[in-house]
Amino acid sequence: MSTSPRPGNLDPAIAARLKRSADGLVPAIAQQYDTGEVLMLGWMDDEALHRTLTTGRCTYWSRSRQEYWVKGDTSGHFQHVKSVALDCDADTVLVKVDQVGAACHTGARTCFDEDVLLRAAD
């Protein structure tokens, strides 16, 4: 039996605004704060967002492992939070971070460098 994400300690005013998927999650885009480089996409529930806002380190909900994980705890590739914003529909979180090391689990700097489907001609 799997554990599902739980509501948590998120400020009720923020929680009331979030538009979650059927499984209680919102996509969270991690972006390098100073260059604008898009690093990765993870998933957050209310508790993961609360932990991210209060600890200064990105916490995600792992859909495959069915548990919380803090970016860098096992890899050493930390994401130090610089800012957190909701998009205009409150259904996506943008976390601007200072990425230490690779953001992708493959060891690449970002999750979006290896499989480019279209590149503009010079």
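Any read-out appearing in this document is the output of simple, stated calculations on the displayed coordinates, not a laboratory observation. The shown structure was predicted, so the numbers you read here are calculated from the model rather than taken from an experiment. Cβ atoms come from the backbone with ideal geometry, glycine included; neighbour counts cover every protein chain shown.
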Taking the chain and a Cβ-Cβ threshold of 4.7 Å, the cysteines left without a partner are Cys58, Cys88
Taking only the alpha-carbon positions of segment 31-76 as identical scatterers, the Debye log10 I(q)/I(0) at q = 0.13, 0.26 Å⁻¹ comes out as -0.30, -1.05
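At 0.36 nm per residue, and after removing the present C-alpha to C-alpha distance, how many nm does the segment from Ser75 to Phe112 gain when stretched out fully?
Additional length available on full extension: 11.4 nm.
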In what sequence, highest mean first, do 113-120, 74-81 appear when ranked by Cβ atoms within 10 angstrom? 74-81, 113-120
Shape parameters for the chain, alpha-carbon atoms, Rg then Dmax in Å: 14.6, 52
